[in-house]
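Here is the structure we will look at.
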Amino acid sequence: MPIHDTERKSTMNVAFAAGGTGGHINPALAIADKLKEVFPDTKILFIGSPDGLESKLVKKAGYDFAPVKMAGIQRKLTPHNIKLNVQAVHYYLNAGKCIRKIFDDFSPDLVIGTGGYVTGTVLKTALKCGIKTALHESNSLPGVSTKMLAPKADLVMLGTEDAKKHLGECKKCVVTGNPLRNNIPIEEKSAARKRLGLPDCLTILSAGGSQGASRINDAVVHLLSYEQKKGNINHIHGYGKHGKDTFMQSLAENGVDPDNEHFIIKEYIDNMYTCMCASDLIITRAGAMTLTELMAIGRASILIPYPYAAENHQYYNALTLQNANAGRIIDDKELTGAVLIDTVTKLADDPELLKLMSENAAKLSKHDAAGVILREITDLMGLE
């Protein structure tokens with residue numbers, strides 16, 4: 001049963017609704033980790049699609065998982081997508097009953113949603129059941145579920161100040177920052193470069209995610225060719241799964257030596273924090289958690305928002321950094337080798353600007369976001 005405002009507890013049952021992408025799921029896991037760290041007896045349950053990424057990540061993290069068949073609505077109407085939408089509506093009509101059964105068995109005191117289509121369905125059911133609800137929105141442009149639920153939720157927590165602009169009335173709205181599951185081990189640049197076996201000079205890091213991004217890969221090939229001729233520039237690049245069969249061939253066609261002492265070129269970068277610490281400039285997509293890491297470490301960036309992200313939210317994430325003079329945006333459709341070289345050159349030739357952008361990124365960081373979120377939750381729930 002939900003606890004009353006006048007009651008005081010030292011622990012509680014918390015259900016999480018998060019799904020679809022790591023940007024939704026990892027903040028929920030970070031909050032759950034913090035709850036268990038401070039209140040070890042707290043019971044945690046995640047609710048999500050059995051076929052979604054949440055099932056894999058939650059189980060790997062060691063938390064209980066309750067599956068509910070759900071699916072998002074496809075916005076591009078094709079015969080195949082219409083069929084998927086009919087199925088999604090069918091799932092939705094049956095999900096409420098399934099979620100109520102989960103609530104009856106688990107008796108949550110609080111339900112926290114961090115994004116994805118699962119959040120809307122689970123939190124709407126929680127509201128109908130009289131259970132306290134909280135939202136966490138990691139993006140600068142809040143998602144559909146957050147916009148819909150914010151006026152009714154007991155607590156709305158935001159990753160950035162910019163997110164407030166897109167929300168109407170909230171019972172309680174607070175900027176907490178985005179929580180990271182693990183503290184980033186901050187290293188001095190020279191030490192990180194030494195660890196990587198790189199000379200101590202200007203260092204650029206680029207990646208398009210674990211799957212890779214063909215437009216970023218294509219542009220980076222030309223940037224690497226330019227840097228090889230110019231000399232005295234380190235470059236670390238992760239070309240991702242989709243570049244496995246093409247990227248190295250493209251380097252050869254453009255005369256780039258992957259064994260150059262200044263280059264580290266890999267399919268997947270498994271020591272990302274060390275590489276970020278070694279870098280002066282980072283070229284990447286604009287997912288909320290990636291930018292949270294950029295701000296935590298304090299690095300200048302060139303941001304290429306993923307053009308197919310829901311409601312173009314990566315652009316708004318990137319805009320938060322660009323407006324603070326902490327990053328530069330290049331639209332995916334405008335990204336070419338020449339454009340990337342020009343943008344990098346303007347920044348690389350101005351060390352003071354790079355330094356200022358890095359400092360501005362660091363100023364945007366919300367330190368100990370998980371701790372801030374925990375304090376908001378304990379205040380809401382009257383925990384001791």
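The values are calculated or read from the model by the stated rules, or taken from the named source; none is laboratory data. Since this is a predicted model, take the numbers as computed values, not measurements. Quick reminder, even Gly has a Cβ in these numbers, built from the backbone with ideal geometry, and neighbours come from all protein chains shown. Accessible surface areas use protein heavy atoms only, side chains included; no ligands, DNA or RNA. Shrake-Rupley method; radii C 1.70, N 1.55, O 1.52, S 1.80 Å.
Taken about its Cα centre, the stretch 248-380 carries a charge dipole of about 420 debye when Lys and Arg each add +1 at the Cβ and Asp and Glu each add -1 at the Cβ.
Under unit Cβ charges (Lys, Arg +1; Asp, Glu -1), what dipole magnitude, rounded to 20 debye, does the chain have relative to its Cα centre?
On the way: 44 positive and 43 negative charges, 260 e Å.
The calculated dipole for the chain is roughly 1240 debye.
Relative contact order of the chain, taken over Cα pairs closer than 8 Å and 6 or more residues apart, is 16 percent.
Given the peptides 179-189, 51-61, arrange them by the average over their residues of other C-beta atoms within 10 Å, most packed first.
Sorting 179-189, 51-61 by mean packing, highest first, produces 51-61, 179-189.
Using a probe of 1.4 angstrom, how much of the accessible area of the chain is carbon and sulfur, in percent?
Working: 8990 of 17720 Å².
After summing per-atom areas, the C and S share lands at 51 percent.
Between the stretch 345-384 and the stretch 206-259, the alpha-carbon centres lie 30 Å apart. Listed by chain and number, the lysines whose alpha-carbon sits under 16 Å from that of LYS229, ignoring those within fewer than 8 places in the same chain, form an empty set. In this structure, the amide hydrogen of ASP64, modeled 1.01 Å from its nitrogen in the peptide plane, lies closer than 5 angstrom to those of PHE46, counting only residues at least 5 positions away or on a different chain. Taking the DSSP bridge list for the stretch 95-211 and keeping only pairs wholly inside it, about 0 percent are antiparallel. Each residue, LYS60 and LEU353, gets one label point 7 Å from its Cα in the Cβ direction; the gap between the two is 3.9 nm.
Taking a straight Cα-Cα cut-off under 19 Å and skipping sequence neighbours fewer than 8 places away in the same chain, the aspartates and glutamates within cross-link reach of LYS189 are ASP200, GLU261, ASP270, ASP280, GLU293, ASP349, ASP350, GLU352, GLU359. Ranked by solvent-accessible area (1.4 Å probe, protein heavy atoms only, all chains present), the residues LYS43, LYS194 order from largest to smallest as LYS194, LYS43.
Straight-line reach from LYS165: taking Cα to Cα under 17 Å and skipping same-chain neighbours fewer than 8 places apart, the lysines in range are LYS147.
Distance between the 7 Å Cα→Cβ label points at GLU311 and ASP257: 5.1 nm.
Karplus-derived 3J(HN,Hα) values for the stretch 46-52, using 6.51 cos²θ - 1.76 cosθ + 1.60 with θ = phi - 60°, are 9, 10, x, 6, x, 9, x Hz; glycine and proline are entered as x. Whole-Hz Karplus values for the stretch 247-260 come out as 5, 5, 5, 5, 4, 4, 5, 9, x, 8, 8, x, 9, 3 Hz, taken residue by residue from phi with 6.51 cos²θ - 1.76 cosθ + 1.60 and θ = phi - 60°; glycine and proline positions read x.
Pull out the extension gain between LYS244 and ARG100, defined as 0.36 nm times the separation in residues minus the alpha carbon to alpha carbon distance; nm, one decimal. Don't skip to the end; give the middle numbers.
Details: separation 144, 0.36 × 144 = 51.84 nm, distance 4.54 nm.
Going from the current span to full extension adds 47.3 nm.
Against the chain, whose longest principal axis is taken from its Cα atoms, helix 117-128 shows a tilt of about 20°. Antiparallel beta bridges, as assigned by DSSP with both residues in the chain, represent about 0 percent of the total such bridges.
Out of every Cα-Cα pair in the stretch 200-287, what percent are more than 17 Å apart? Provide the component values of the computation, followed by the final result.
Details: 1567 of 3828 pairs.
Here the tail beyond 17 Å accounts for 41 percent of pairs.
FRET efficiency for the ALA362 to LYS194 pair, using the beta carbon distance and R₀ = 30 Å, is estimated at 0.85. Helix 288-297 and the long axis of the chain differ in direction by around 60°, with both axes built from C-alpha atoms. In the chain, taking the dipole from charged Cβ atoms about the Cα centre, the farthest positive-side position among VAL111, HIS262, MET157 is held by VAL111. Heavy atoms of the protein chains alone define the surface here; on that basis the chain has 46 Å² accessible area per residue at 1.4 Å probe size. Quick check: the distance between the Cα centres of the stretch 159-186 and the stretch 111-131, to the nearest angstrom? For the stretch 159-186 versus the stretch 111-131, the Cα centre distance is 18 Å. So what is the relative contact order for the stretch 290-367, in percent, with contacts set as C-alpha pairs under 8 Å and at least six apart? Value for the stretch 290-367: 45 percent. Entry note, the stretch 125-265: relative contact order of 17 percent, from Cα contacts under 8 Å with a spacing of 6+ residues. Toward the positive end of the charge dipole of the chain, with +1 on the Cβ of Lys and Arg and -1 on the Cβ of Asp and Glu, the farthest Cα among LEU281, LEU53, VAL221 is that of LEU53. When only alpha carbons of the stretch 253-384 are considered, Rg and Dmax amount to 17.4, 64 Å. In a simple Cβ point-charge model (Lys, Arg +1; Asp, Glu -1; nothing else charged), the stretch 16-62 has a dipole of about 80 debye relative to its Cα centre.
With the charge dipole of the chain set up from +1 on Lys and Arg Cβ and -1 on Asp and Glu Cβ about the Cα centre, the Cα lying farthest toward the positive end among the listed residues ASN182, PRO307, PRO40 is that of PRO40.
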